[in-house]
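Accompanying notes for the structure given below.
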Amino acid sequence: MMYISRRERFSAAHKLWNYEFSDEKNIEIYDKCANANFHGHNYELIVTLRGEIDKSTGYVFDLKKLSEILNQRVINKLDHKNLNLDVDFLKDLIPTAENIAFAIWNEIEAELKTANCQLHKIKLIETENNFVEYYGQMQS
């Protein structure tokens with residue numbers, strides 16, 4: 001089994017806010033991330049695929065093609081956007097790093113399934129110290 005990864009970057013604004021909570025509870029839970037005027041991050045997205053090496057190409061998956069998919073399906077929709085207001089696949093989600101990673105997985109998974117490989121992991125780095133990793137639904 002071979003694992004390959006591609007890193008992309010985007011900058012975006014968001015605020016963490018649950019409209020079912022009171023203002024006080026939102027501030028208690030999300031603190032400065034609940035800023036009414038939003039705040040921003042320079043995110044790093046690392047997408048990892050796993051699979052067998054294709055004997056005819058030497059690839060698990062063409063990383064140039066992976067970059068094109070990520071840019072078309074994800075980066076162009078997120079970069080320099082307000083994640084609360086501008087991104088269709090984040091609609092109705094609190095744009096935490098966890099929810100963003102989950103939504104990115106759902107946005108690209110079907111397009112990355114091939115005979116040789118499948119999506120293995122989404123790693124989203126929000127700050128120098130904070131990141132999430134998502135491996136999809138657990139198989140039973």
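Residue-wise, which Karplus ³J(HN,Hα) couplings in Hz belong to segment 71-79, taking 6.51 cos²θ - 1.76 cosθ + 1.60, θ = phi - 60°, and x for glycine or proline?
Whole-Hz 3J(HN,Hα) from phi for segment 71-79: 5, 5, 8, 10, 4, 4, 8, 9, 5.
Only Cα pairs within less than 10 Å get springs; with that Gaussian network setup on the chain, which residue of Asn35, Asn71, Asn82 has the largest fluctuation?
Asn35
Considering only Cα-Cα distances, which of the following residue pairs are longer than 25 Å: Lys15/Lys123; Lys65/Lys121; Lys25/Lys77; Lys55/Lys77?
Numbers: Lys15/Lys123 20 Å; Lys65/Lys121 17 Å; Lys25/Lys77 30 Å; Lys55/Lys77 35 Å.
In this structure, Lys25/Lys77; Lys55/Lys77 lie more than 25 Å apart at Cα.
Does anything in segment 106-127 have its amide N under 20 Å from the 7 Å Cα→Cβ label point of Glu68, and if so which residues?
Within reach of a label on Glu68, which here means backbone N under 20 Å from a point 7 Å along Cα→Cβ, segment 106-127 contributes 107-119.
Can you tally the net charge around Ser11? Count Lys and Arg as +1, Asp and Glu as -1, for every other residue whose Cβ sits under 15 Å from the Cβ of Ser11. Please report the intermediate quantities before stating the final value.
On the way: positive: Arg7, Arg9, Lys77, Lys81; negative: Glu8, Glu44, Asp79, Asp86, Glu126, Glu128.
Counting the neighbours of Ser11, the net charge comes to -2.
Hey, with R₀ at 30 Å, roughly what FRET efficiency would Asn76 and Glu52 work out to, going by the Cβ-Cβ distance, to 0.05?
Values: r = 30 Å, r/R0 = 1.01.
Computed FRET efficiency for Asn76 and Glu52 comes out at 0.50.
By how many nm would the segment from Phe21 to Met1 grow when fully extended, if each residue of separation counts as 0.36 nm and the alpha-carbon distance is taken off? Numbers along the way, then the final one.
Details: separation 20, 0.36 × 20 = 7.20 nm, distance 4.54 nm.
Net length gain for the segment: 2.7 nm.
How large are Rg and Dmax for segment 39-101 when calculated on the C-alpha trace, in angstrom?
Computed over the Cα atoms of segment 39-101, radius of gyration and Dmax are 14.9, 47 Å.
Sticking with the crude label model, points 7 Å out along Cα→Cβ, report the distance from Asp88 to Phe131 in nm, one decimal please.
Output for this residue pair reads 3.0 nm.
Taking only the Cα atoms of segment 2-134, how large is their convex hull per residue, in Å³? Please list the in-between numbers first.
Details: hull volume 13.4 nm³, N = 133.
Per-residue hull volume (Cα only) is 101 Å³.
Nearest 500 deg cm²/dmol is fine: what mean residue ellipticity at 222 nm does the chain get from its DSSP H runs of n ≥ 4 alone, each adding -39,500 (n - 2.57), divided by its residue count? Please report the intermediate quantities before stating the final value.
Values: 3 runs with 32 residues, N = 140.
Calculated from helices alone, the mean residue ellipticity at 222 nm is -7000 deg cm²/dmol.
With θ set to phi - 60°, apply the Karplus curve 6.51 cos²θ - 1.76 cosθ + 1.60 along segment 34-42 and write out the HN-Hα couplings as whole Hz, x wherever there is a Gly or Pro.
3J(HN,Hα) across segment 34-42, in whole Hz: 9, 3, 4, 9, 6, 8, x, 9, 9.
Laboratory data are not the source of any read-out in this text; all were calculated from the coordinates shown. What you are looking at is a predicted structure, and each value in this text was computed from that prediction instead of being measured. Reconstructed Cβ throughout: ideal geometry from the backbone, glycine too, with neighbour counts over all protein chains shown.
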